[in-house]
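Got a structure here, written out as structure tokens. Questions coming.
Read-outs throughout are calculated quantities, based only on the coordinates presented, and are distinct from any laboratory measurement. It should be emphasised that the depicted structure is a prediction, and the values quoted were computed from it without experimental measurement.
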Amino acid sequence: MPASPPHGAGLPFAHGLQATARPGNGDGVLWIHGYTLDSTTWDEIWCELPGWSHHGIDLPGHGMSPAMEPGMTLGELGQRLAQAAIAHDVRHIVGLSVGSIIALEAALSRPLAFETVTLAAPALAGGPVADDVGVRFRELQELYRRRGHGPWMTELWMRCPPATFAGASPPLHARLAEVIDRYAWSELSNPERGIAALARARQDPHRLRTSTARILVIVGEHELPAFRDTAAILHGIRQDARLVELAGAGHLCLLHAPRQSARLISQHWQDRTAAGTDPP
């Protein structure tokens, strides 16, 4: 496998979607980022996980990947990523926030194919949503209509409340702002396109019972209530799943605590007996 490319020179992964890769001798891992982010945000946690073979997909319209095809469904995207992951010998899937919706769908499309699935700051398409997140998205649509793409979109998106980006250190906040500045927000001119539209579909989490993958669900200590509700739903369906709270972390928990997250996830990848709930 070639070395990870510089930003703007992605590696083909699935049906035009691009990826950043970091080769290793261990199992393959597919990483799926959150809304408006891209695969470059995984660099710090990957440094804590040497030896594994990392593939960070750029979701449609994010990073180096083209915009989502008209009519693309959540199920179709999940199937495409699952097929490509299998072709790349991926055994583990990790998704963060909206990326957890896509990670879950990929796992559900091939329920016997993956050893583990990690859902951090978990979300469900058509599932619990914080009211203030919906308000912020409508504000973004109006701002985009008036001014188009620009740093003002990043500033509004990262503003609290909601506490989506709360808890990030100043250096992490600056790095994330730089990534989000690259996001085009093009789906705001057509609400039926883009990852946000897929998140409004309806996903049946009960299908998770058909998966043989070991499940790890991670929330930050300061997670938003809607994502905690989703974590409880998932754990109720798969009571053998491990549910863990990261001390001091907010919504983007894997990025807030990369070293702690890496230890936890690496243990999950290797521990075939892990199950249950770690108390806060």
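Ratio of alpha-carbon Rg to the 2.2 N^0.38 Å globular estimate for the range 96-251, to two decimals, please. Show your work: numbers first, answer last.
On the way: Rg = 16.4 Å, N = 156, 2.2 N^0.38 = 15.0 Å.
That ratio works out to 1.09.
When only Cα pairs under 8 Å and 6 or more residues apart are kept, what is the percent relative contact order across the chain? Walk me through the intermediate numbers first.
Numbers: 573 pairs, mean separation 55.6, N = 280.
With pairs under 8 Å counted, the relative contact order is 20 percent.
Can I ask one more? Once a ≥ b ≥ c are taken as the square roots of the eigenvalues of the Cα gyration tensor of the range 193-246, is the result rounded (a/c under 1.5), prolate (a/b larger than b/c) or oblate (a/b not larger than b/c)?
On the way: a/c = 2.18, a/b = 1.14, b/c = 1.91.
It comes out oblate by the Cα gyration axes.
As a check on your grasp of the helix formula, calculate [θ] at 222 nm for the chain: sum -39500 (n - 2.57) over DSSP H runs of n ≥ 4, divide by the residue count, round to the nearest 500. Numbers along the way, then the final one.
Details: 10 runs with 103 residues, N = 280.
The helix contribution divided over the chain gives -11000 deg cm²/dmol.
Follow-up question, since we're still on this one. Which cross-chain or sequence-distant (5 or more) residues have an amide H under 5 Å from the amide H of Ala201, H modelled 1.01 Å from N in plane?
So Ala201 has HN proximity to Gly126.
Under the rule of at least 5 residues apart or a separate chain, name every residue whose amide H is placed under 5 Å from the amide H of Leu243.
Amide H to amide H, under 5 Å and 5 or more residues apart or across chains, Leu243 pairs with Val217, Gly276, Thr277, Asp278.
Evaluated at 4 °C with a viscosity of 1.567 mPa s, what Stokes-Einstein diffusion coefficient in µm²/s does the range 175-280 have when Rh comes from the Kirkwood expression over alpha-carbon pairs? Walk me through the intermediate numbers first.
On the way: Rh = 15.9 Å.
Translational D for this selection: 82 µm²/s.
Quick check on the chain: what does the Kirkwood estimate of hydrodynamic radius come out to from the alpha carbon pairs, in Å?
Numbers: mean 1/r = 0.0539 Å⁻¹.
About 18.6 Å, per the Kirkwood formula over Cα pairs.
Next up: Determine ³J(HN,Hα), in whole Hz, for all residues of the range 174-187 in sequence, where each value follows from phi through the Karplus function 6.51 cos²θ - 1.76 cosθ + 1.60 and θ = phi - 60°; x replaces Gly and Pro.
Using θ = phi - 60°, the values come out as 5, 5, 5, 4, 5, 5, 5, 4, 7, 6, 8, 6, 5, 5 Hz.
Then there is this: I'd like the per residue volume of the convex hull spanned by the Cα atoms of the range 31-143, given in cubic angstrom.
Working: hull volume 14.3 nm³, N = 113.
Once divided by residue count, the hull of the range 31-143 is 127 Å³.
Something else now. Using just the alpha carbons, could you tell me how many Å³ per residue the convex hull of the range 84-165 encloses? Numbers along the way, then the final one.
Numbers: hull volume 10.4 nm³, N = 82.
Hull volume over Cα atoms, normalised by residue count, gives 127 Å³.
In whole Hz, what ³J(HN,Hα) sequence does the range 199-207 give by Karplus (6.51, -1.76, 1.60; θ = phi - 60°), x for Gly and Pro?
Karplus values, whole Hz, x for Gly and Pro: 5, 8, 5, 10, 10, 9, x, 5, 5.
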